[in-house]
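Chemist: The structure is given below, and queries will be raised subsequently.
The values are calculated or read from the model by the stated rules, or taken from the named source; none is laboratory data. This is a predicted model, so every value here is computed, not measured. With ideal geometry, Cβ positions are generated from the backbone for all residues, glycine too; neighbour counts draw on all protein chains shown.
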Amino acid sequence: MGKTDKKELVIIGAGPGGYAAAFHASDLGIKVTLIDPKVNPGGVCLYRGCIPSKALLHLTKTKDEALKASEWGLEFEEPKTDRKKIVSWKEGVVKKLTDGLGKLSDSRGIEYIQGRAKFTGKNELEVSPEEEESFSLQFEKAIIATGSSVISLPNIEIDHKHIWDSTDALELKEIPEKMLVIGGGYIGLELGSVYASLGSKVSIAEMTSGLLPGTDRDLVEVFNKKEPFERVYVETKVEQAKVSKQGVMVSLQGKEGTQDKTFDRVLVAVGRAPNTESLGLDKLDISTTDKGFIDVNVRRQTKHKHICAIGDITGEPMLAHKASHEGRIAAEVIAGKPGAGYDPKAIPAIVFTNPELAWCGLTEQEAKEKNRDIKVVKFPWAASGRATAIGEDSGFTKLLIDSQTEVILGGAAAGKNAGSLIPELALAVEMGSTAKDLELTIHPHPTLSESIMESAELFFGSATHYKKS
């Protein structure tokens with residue numbers, strides 16, 4: 001396909017949503033042109049988000065487990081941190097995965113353009129390749145999948161040397177002695193945990209009343225008991241952060257008044273905003289919400305039915321797996337498949353700290369807001385043979401069940417590898433399974449998955465390994 005050809009489908013953005021849409025559309029027989037600034041598909045998730053952060057978290061969890069093994073009679077020498085080797089390994093993981101996606105794209109015959117694009121009309125784009133002159137491109141259908149970028153704070157300049165964003169933190173250029181993370185969401189906690197494990201004295205400043213706003217408090221409490229951070233400031237605003245010879249001078253305004261503290265490095269991790277500003281949406285007469293999101297229907301179509309939008313640009317939650325699912329739906333809509341639509345009942349969420357926190361479907365907080373008549377059953381991991389055997393028995397698994405119909409509406413888990421339990425709970429919610437379905441499903445012993453079955457048993461009043469007082 002040449003530059004002057006009219007493209008059947010153009011996808012702007014090759015992150016988890018964009019490449020999922022491209023691959024599925026190609027498999028459905030559509031000729032795809034995929035445009036992204038990076039040399040290979042992957043997006044923020046693979047290059048500077050999900051994958052590199054999880055690689056670092058895996059290393060730090062390994063270190064923590066080695067240290068804990070002394071309690072069980074297995075002594076290791078104090079782990080030594082080779083920062084350069086860690087960075088090399090992390091970058092190797094990223095390269096392997098992104099190169100693999102490039103090969104998958106090539107094998108499908110997808111036309112990949114390394115560059116950027118913006119709309120100049122309802123069926124036209126201006127494409128700006130990385131090393132060539134811009135050119136005009138005609139298309140029949142399009143999918144917008146441009147993702148999101150980190151949010152900065154007023155009065156705080158991210159200089160990428162003393163004051164970092166999440167991308168800077170993932171580069172692991174140094175391990176500061178004292179570090180402040182602004183933002184107690186999942187990004188702040190995950191990256192803060194990495195640096196704390198590697199030796200930094202990490203403090204967290206969160207504007208709301210607790211870490212992980214919007215998450216059920218019992219999950220957060222399991223994390224808090226580990227006390228991984230030097231200090232956690234809640235209900236605290238960071239008024240300013242200025243670089244000085246002594247470090248970064250930070251003014252913390254909280255319940256105790258204003259405190260001035262000095263840190264070696266400050267990480268700003270207060271969330272992300274959709275990348276919709278430079279797309280030329282005005283040429284399409286498409287407006288965005290006050291937060292910059294594009295409105296779409298259940299089929300992920302904008303006001304122009306031949307143009308879909310997916311992923312972070314369509315709203316919360318900003319999660320890679322949500323974007324991938326939307327991408328496949330959009331591809332089927334473009335292909336004309338009847339019945340294709342986006343209507344999830346349970347989008348799983350996992351915070352990959354140590355311990356992990358995970359949930360899907362309805363939360364207790366949402367149930368209260370919606371006045372839902374539910375029963376919450378919680379199975380403590382202290383009663384789990386597997387959790388006890390691996391020395392991680394402080395967590396729990398819980399189910400949110402409709403009091404009348406006994407249908408599973410949501411579920412959550414906190415503890416080591418808690419995220420591995422969530423797919424079963426998400427499937428239960430999506431299928432409209434009942435507590436009886438989970439109770440009667442034989443789970444292998446000894447595994448953490450038994451805690452799901454025993455939570456269901458608790459709903460009916462009798463769990464094998466736990467008697468509620």
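Chemist: Looking at segment 410-456 only, could you name the residues that are over 24 Å from the mean Cα position of the chain (by Cα), touching a residue at least 24 places away in the same chain (Cβ under 8 Å) and crowded, with 17+ Cβ neighbours inside 10 Å?
Modeler: 433, 434, 435, 438, 450, 451, 454, 455, 456
Chemist: Would you check if residue 146 is closer than 27 Å to residue 347 by Cα, surrounded by fewer than 21 Cβ atoms within 10 Å (Cβ to Cβ) and either of a type in the set (A, V, I, L, M, F, W, C) or in contact (Cβ under 8 Å) with a residue 12 or more places away in the chain (or both)?
Modeler: Judged against the criteria, residue 146 is not a match.
Chemist: Are any residues in segment 348-377 among the aliphatic types (A, V, I, L, M) and over 16 Å from the mean Cα position of the chain (by Cα), and if so, which ones?
Modeler: 362, 367, 374, 376, 377
Chemist: Which one of 241, 330, 323, 340 is surrounded by 15 or more Cβ atoms within 10 Å (Cβ to Cβ), outside any strand (DSSP E or B) and not assigned by the TED database to the domain that holds residue 45?
Modeler: Step by step, each of 241, 330, 323, 340 is checked, and only 340 is surrounded by 15 or more Cβ atoms within 10 Å (Cβ to Cβ), outside any strand (DSSP E or B) and not assigned by the TED database to the domain that holds residue 45.
Chemist: At pLDDT 95 or above, touching a Pro at 6+ places or on another chain (Cβ under 7 Å), of a type in the set (Val, Ile, Thr) and more than 30 Å from residue 121 (Cβ to Cβ): is that true of residue 222 in this structure?
Modeler: In short, yes.
Chemist: Would you check if there is a residue in segment 267-281 being surrounded by 16 or more Cβ atoms within 10 Å (Cβ to Cβ) and free of Cβ contacts under 8 Å to residues at least 60 places away in the same chain?
Modeler: No, that holds for no residue.
Chemist: Related question: Answer yes or no as to whether residue 397 is assigned to a loop (DSSP other than H, G, I, E, B), under 29 Å from the mean Cα position of the chain (by Cα) and of a type in the set (Val, Ile, Thr).
Modeler: No; evaluated as a whole, the condition is false for this residue.
Chemist: Could we say that residue 184 is under 30 Å from residue 361 (Cα atoms) and in contact with a strand residue (DSSP E or B) (Cβ under 6 Å, 6 or more places away or on another chain) here?
Modeler: Yes; evaluated as a whole, the condition is true for this residue.
Chemist: Further question: Kindly establish whether residue 139 is of a type in the set (Phe, Trp, Tyr) and either at pLDDT below 95 or surrounded by fewer than 19 Cβ atoms within 10 Å (Cβ to Cβ) (or both).
Modeler: The answer is no for residue 139.
Chemist: If you don't mind, there's one more thing I want to ask. How many of the residues in segment 150-201 are assigned to a loop (DSSP other than H, G, I, E, B), touching a Leu at 6+ places or on another chain (Cβ under 7 Å) and surrounded by 22 or more Cβ atoms within 10 Å (Cβ to Cβ)?
Modeler: 1
Chemist: Looking at segment 63-77 only, could you name the residues that are part of a helix (DSSP H, G or I) and loosely packed, with under 12 Cβ neighbours inside 10 Å?
Modeler: Hits for segment 63-77 are 70, 71, 72.
Chemist: Take segment 285-301 and flag every residue that is touching a residue at least 40 places away in the same chain (Cβ under 8 Å) and either in contact with a strand residue (DSSP E or B) (Cβ under 9 Å, 6 or more places away or on another chain) or not in a loop (DSSP other than H, G, I, E, B) (or both).
Modeler: Matches in segment 285-301: 294, 299, 300.
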